[in-house]
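Structure first, then comments.
Every number here is computed from the coordinates shown, using simple stated rules; none is lab data. Just so we're clear, the structure is a prediction, and the values are computed from it rather than from any experiment. Don't worry about glycine lacking a Cβ; one is built from the backbone with ideal geometry, like all the others, and counts go over all protein chains shown.
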Amino acid sequence: MNERSGKITFKGNPMTLLGPELKVGDKAPDFLVVDTTLAPISLHSHDGKIRVISAVPSLDTPVCDTETRRFNQEAAALPENVVVLTISLDLPFAQKRWCGAAGIDRVITLSDYRERSFGLNYGVLIKELLLLSRCIFVVDAQGIIRYIQQVPEVTSEPDYAAVLDAVKQIL
């Protein structure tokens, strides 16, 4: 298992990421996660669409809550061929409850709790916490990674404008 130390911090403490370090231009690895009804979802479930994949530690934390609400808001202005996926290790039932309470209707929340295949295939599983790091991937309709934003401090928000600019570049 590939381990990468010092790429991110959690509350200032260095953490170790498990899995490969993906680069812009790489073919996006497949993964198998579940939606809030426990239906299996893979990268290919949204073939032909631009995918904004937002990895977060837990929807039940303030920064993840803010980030997901913001992406839900921004998604309303994006064309139909763009899908926003938020992936965490939260249980699907907790994700469904949280989305209902937060009024999330544009972002699709997915859980990597079963196999951690997203976290391991995308190199964003934090070894010390067994949670996903905060990272955004923009994958084009052909399945190529066009943008990556690994947020250096897990408790910080991403640069939303940079993510949206990356999406606009490939529309």
Q: Round to a whole angstrom and tell me the spacing of the C-alpha centers of the range 1-74 and the range 110-131.
A: 8
(Q) If I stretch the segment between R97 and T16 completely, what's the gain in nm (0.36 nm per residue apart, minus their alpha carbon distance), one decimal? (A) 26.1 nm
**Q.** Full-stretch length increase - E115, L129 - with 0.36 nm per residue and alpha-carbon distance subtracted
**A.** 3.5 nm
Q. What net charge is computed for the residues neighbouring S58, neighbours being all others with C-beta under 10 Å from the C-beta of S58, Lys and Arg scored +1, Asp and Glu -1?
A. -3
Q | Prolate/oblate/rounded label for the range 3-170 (Cα gyration tensor, a/c 1.5) | A | rounded
Q | Proxy reagent accessibility, fewest Cβ within 10 Å first, across E80, E153 | A | E80, E153
Q: Among the aspartates and glutamates, select those whose C-alpha is under 16 Å from the C-alpha of K11, and discard any that sit fewer than 8 residues away in the same chain.
A: E128, E153, E157
